[in-house]
Amino acid sequence: MSDLASRLRGNTYFSRSRELNLPQTRTDILSGLTVALALVPEAVAFAFVAGVEPLVGLYAAFIVGLITAAFGGRPGMISGATGALAVVMVSLVAQHGVQYLFATVVLMGIIQIAAGIFRLGKFIRMVPHPVMLGFVNGLAIVIFLAQMEQFRVPDGVGGHTWMSGSTLWITLALVAATMAIIWATPRLTKAFPAPLAAIGIVAVVVILFDIPVPRVGDMASVEGGLPAFAIPAVPFTLETLWIILPYSIILAAIGLIESLLTLNLVGEITNQRGGASRECLAQGAANTVTGFFGGMGGCAMIGQSMINVNSGGRGRLSGISAALFLLAFILVGSSIIEMIPLAALVGVMFMVVIGTFAWQSLRILARVPRADAFVILLVTAVTVAEDLAIAVVVGVIVSALVYAWNAASMISATHHESKSEPGARVYDIKGPLFFGSATRFQELFKPAEDPDIVILDFAGSRVVDQSALQAIEAVAEKYDAAGKRLMLRHLSRDCHQLLTKAGQLMVDTDDDPDYRLSVDYDVQLGRIGSH
């Protein structure tokens, strides 16, 4: 009976869970449709940037989006072909052709898989919050600037020129109408995603009244078949490896940085944690597969992810639906998709920009430390001027230098007479001892003025690195040269291990490894080579 009751309770619970999840399933599917509609012009545009055919970008958006949605580290996150990768690919394609790009994407994926296996994704935790704010603001500006290309039309001689006249004003009106519908829809109903409603309404109006504005089909045809498996047609030689390896490393790094930062951003919105290593593996697998199926590779897309999350997409079904809808557009729905006005999609992306930009960062610039405010502005500027990977690396380096400078200024020492060693002087060290504070640490002591026995108490300090070891030995040598004795006290276990490994501690047989006693350690000179 008890087993039967447990099974009945389990079935009831499962039924209720399914019933409760039906609305979310519907929302995920509609969110996926919205994302797929916005993916089309993005994938085509990034393919043009990389110098490849539109289908190469669309196939990448489908394959990368599908695999990462199913196996990635953050449900609801959208991946596909991105501009950050496209700007790196263009020179490779121009010099060596698209087949070398496919080989590069395969190798890029393998590198990302290795990063996942070795759990390198956890290092994204080292990215400071000011860098995250700069990253978000920079990408919002980049997304905004990318939409400006939609306001350029063919000039009839093979180039493009800015819109003007009635076409410009009608396009701007449609963009504004799209944004207004997105703003108003949630206040009227939450039955379907606001961006989907906006795209649908604006598209119907444009098609019914045959309004003369640029449409998706004006960019390129999105019609095609299923992606076919093919091994990249490149020579399997070391020369080929040396050509594609630098690009593969750069693309893998950019892809992982953008993906992991987007993972953190989406996690903050959806209250999810972890998954960095899993995301590395999924991105790697997706790019490896994409390279064999004629795609340009990709990574997480913050704009599309924000569309999905803001539309209510929370589960893996949203990303899977987006990829499958995109494939359906390619196979059977191209004629319909090509009629959608670009103005509607631009309006959606403008709302993404407004929602993505960390407006609160502008208010807090005067409240946070100047160094943090500088990092926010610096990362934002470098993201816009260069690319995301460089911006994040620069931001982390600057933040680390600022932290090192601040930590170095914290080293200090006060002294008092020893109670355990008559006539000895005890220096109480405060602050971490590392490369940044090593010089200041050595300046704290005056061997000529100190008594014959000096004890350095590290209860309030930590010995961190080789520079710290060298600084301790340098101070000990000064006291030794003055005919005086220097000892160390209250070393933490990690400091004790570091100094012992270096051979600097002269440990007696009565050494207490559990630190229940206050043990004073002599310093062994000549171990680090401070002369």
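So how compact is the range 20-159: Cα radius of gyration and Dmax in angstrom?
17.5, 57
Hey, if you put +1 on the Cβ of every Lys and Arg and -1 on every Asp and Glu Cβ in the chain, which of 479, 318, 120 ends up farthest toward the positive end of that dipole?
Going by the charge dipole, the pick is 318.
Between 0 and 90 degrees, rounded to the nearest ten: what's the tilt of helix 83-96 against the longest Cα principal axis of the chain?
So the inclination is approximately 80 degrees.
In the range 209-339, carbon and sulfur make up what percent of the accessible area (probe 1.4 Å)?
Carbon and sulfur atoms account for 68 percent of the accessible area of the range 209-339.
Run through the DSSP bridge list for the range 388-483 and note the antiparallel percent, rounded to the nearest 5.
45 percent
Mind pulling the per residue volume of the convex hull built on the Cα atoms of the range 234-277? Å³ is fine. Intermediate results must be reported in sequence, preceding the final value.
Working: hull volume 3.3 nm³, N = 44.
Cα-based convex hull of the range 234-277, divided per residue, equals 75 Å³.
Note down the nm distance, to one decimal, between modelled labels 7 Å out along Cα→Cβ at residue 370 and at residue 497.
Once both label points are built, they end up 4.1 nm from each other.
When all alpha-carbon pairs of the range 292-440 are counted, what percent fall beyond 27 Å? Working shown, then result.
Values: 6070 of 11026 pairs.
For the range 292-440, the share of Cα pairs beyond 27 Å comes to 55 percent.
Set the Förster radius R0 to 56 Å, insert the Cβ-Cβ distance between residue 25 and residue 419 as r into 1/(1 + (r/R0)^6), and round the FRET efficiency to 0.05.
0.20
Work out the P(r) tail for the range 179-268: percent of alpha carbon pairs separated by more than 16 Å, whole number.
Percentage above 16 Å: 78.
Kindly provide the chymotrypsin sites (Phe, Trp or Tyr not before Pro) of the range 218-276 that DSSP labels as loop, not H, G, I, E or B, and whose Cβ sees at most 11 other Cβ atoms within 10 Å. List each step's numbers first, then the result.
On the way: sites: 229, 236, 242, 247; in loops: 229, 236.
Answer in residue order: 229, 236.
Given H placed on each backbone N at 1.01 Å, which residues far from residue 301 in sequence or on other chains put an amide H within less than 5 Å of it?
Answer set, sorted by chain and number: 78, 79, 80.
Can you give me the long-range amide H partners of residue 460? Hydrogens built in the peptide plane at 1.01 Å from N, cutoff under 5 Å, separation of 5 or more residues or another chain.
Residues meeting the criterion, in which the H sits 1.01 Å from N, are 429.
Taking every eigenvalue of the Cα gyration tensor of the chain, multiplying by 5 and rooting it, what semi-axes result, largest first, whole Å?
Equivalent ellipsoid semi-axes, largest first: 57, 27, 24 Å.
Would you tally the net charge around residue 50, using a Cβ to Cβ cut-off of less than 15 Å, leaving residue 50 out, and scoring K and R as +1, D and E as -1?
Taking every other residue near residue 50 into account, the sum is -4.
For the range 129-260, with only Lys/Arg (+1) and Asp/Glu (-1) charged at the beta-carbon, what is the dipole magnitude about the Cα centre, in debye rounded to 20?
480 debye
Positive end of the dipole of the chain, charges at C-beta (+1 Lys, Arg; -1 Asp, Glu), about the Cα centre: which of 102, 488, 467 has its Cα farthest in that direction?
102
Run lengths n ≥ 4 of DSSP H only: what is the helix-derived mean residue ellipticity at 222 nm for the chain, with -39500 (n - 2.57) per run over all residues, to the nearest 500?
Calculated from helices alone, the mean residue ellipticity at 222 nm is -20500 deg cm²/dmol.
Round to a whole angstrom and tell me the spacing of the C-alpha centers of the range 143-219 and the range 67-121.
The two parts, judged by their Cα centres, are 30 Å apart.
Apply the Karplus parameterisation 6.51 cos²θ - 1.76 cosθ + 1.60, with θ equal to phi minus 60°, to every residue of the range 210-223 and state each ³J(HN,Hα) to the nearest whole Hz, in sequence, with x for glycine and proline.
Result, ordered by residue: 6, 6, x, 10, x, 10, 4, x, 6, 6, 4, 6, 9, 6 Hz.
With each pseudo-label sitting 7 Å past Cα toward Cβ, what's the residue 167-residue 480 distance in nm, one decimal?
So the two model labels end up 8.2 nm from each other.
Subtract the Cα-Cα distance of residue 129 and residue 406 from 0.36 nm times their separation in residues, and report this length gain in nm to one decimal.
So the chain would gain 98.0 nm between residue 129 and residue 406.
Using modelled amide H (1.01 Å from N, peptide plane; none on Pro or chain starts), what sits under 5 Å from the amide H of residue 215, excluding residues fewer than 5 places away?
342
Under 21 Å Cα-Cα from residue 122, which lysines qualify once same-chain neighbours fewer than 8 residues away are excluded?
The reachable lysines, counting only those whose Cα sits under 21 Å from residue 122, number zero.
Mind checking the angle between helix 238-270 and the chain's longest principal axis? C-alpha axes, 0 to 90 degrees, to the nearest 10.
It works out to around 90 degrees.
When ligands, DNA and RNA are left out and all protein chains stay put, how many square angstrom of accessible area per residue does the range 145-212 have with a 1.4 Å probe?
Counting only protein heavy atoms, the per-residue value for the range 145-212 is 59 Å².
Against the longest principal axis of the chain, how steep is helix 194-208, in degrees 0 to 90 to the nearest 10, with axes from Cα atoms?
It is inclined by approximately 30 degrees.
Taking GluC sites (Glu not before Pro) as exposed when DSSP calls them loop (any state but H, G, I, E, B) and at most 13 other Cβ atoms lie within 10 Å, what is the longest stretch of the chain free of them, the sites themselves excluded?
With GluC sites (Glu not before Pro) excluded where exposed in loops, the chain gives 1-385 as its longest stretch.
The values are calculated or read from the model by the stated rules, or taken from the named source; none is laboratory data. It should be emphasised that the depicted structure is a prediction, and the values quoted were computed from it without experimental measurement. Cβ coordinates were reconstructed from backbone atoms using ideal geometry, including for glycine residues, and neighbour counts include every protein chain displayed. We work out accessible area using only protein heavy atoms, side chains counted, and drop any ligands, DNA or RNA first. Shrake-Rupley method; radii C 1.70, N 1.55, O 1.52, S 1.80 Å.
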